[in-house]
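Read through the structure below, which is laid out as structure tokens, and then see the notes.
The values are calculated or read from the model by the stated rules, or taken from the named source; none is laboratory data. Just so we're clear, the structure is a prediction, and the values are computed from it rather than from any experiment. A quick note on method: Cβ atoms are made from the backbone with ideal geometry, for glycine too, and the neighbour counts reach across all protein chains shown.
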Amino acid sequence: MDIRKFAVAQTSRLHLCDANDDPMYADEEKTRPITVNLYGPGSKQYAGAQAAQNNRMIDKLKRKGKAEQTAEQRAAEAAKFLSACTESWENMEYGDLTGDELSIAVYSDVSIGFIADQVTKHIGDWVNFTKPSTTN
């Protein structure tokens, strides 16, 4: 049997929930879910984001000789990693920002920190990237 049949999908769509764990929508009729499309642990983008994160830590160690980070530095590092793992957003705005600037702003905003928490949890679980079964 070819083991590649168990390969996971490169991306996954996450319907975001608010701080009360209620699904978020961009309209009152609840027809436009607020979602984020994410690169998962089986993708080149995720691997690249991890490598970049590790390289930034190594560079910091070389420059300062220590690995300690302030809370702000840790939050900025996490936002960069999550942004690199974000393919796109649906039905969501943050001012006029787009692309990486949008992602970094969302993931850096502590008042909506529950979004970064959901994304971190989602991309950390391989099951969220499994392909739907073709047999029942």
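Values computed for the structure shown
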read-out: Residue ID - nearest to the chain's Cα centre (by Cα), chosen from residues in the range 92-121 that are charged (D, E, K, R) and under 13 Å from residue 79 (Cα atoms); value: 117
read-out: Test for residue 14: is it aliphatic (A, V, I, L, M), in a strand (DSSP E or B) and within 14 Å of the chain's Cα centre (by Cα); value: yes
read-out: Residue, modelled with the highest pLDDT, within the range 35-74, restricted to residues that are among the acidic types (Asp, Glu) and either assigned to a helix (DSSP H, G or I) or surrounded by 10 or more Cβ atoms within 10 Å (Cβ to Cβ) (or both); value: 72
read-out: Residue match in the range 122-131 (condition: modelled with pLDDT under 95, over 11 Å from the mean Cα position of the chain (by Cα) and of a type in the set (D, E, K, R)); value: yes
read-out: Condition check for residue 77: out of contact with any helix residue (DSSP H, G or I) (no Cβ under 6 Å at 6 or more places or on another chain), of a type outside the set (S, T, N, Q) and either more than 17 Å from residue 123 (Cβ to Cβ) or outside any helix (DSSP H, G or I) (or both); value: no
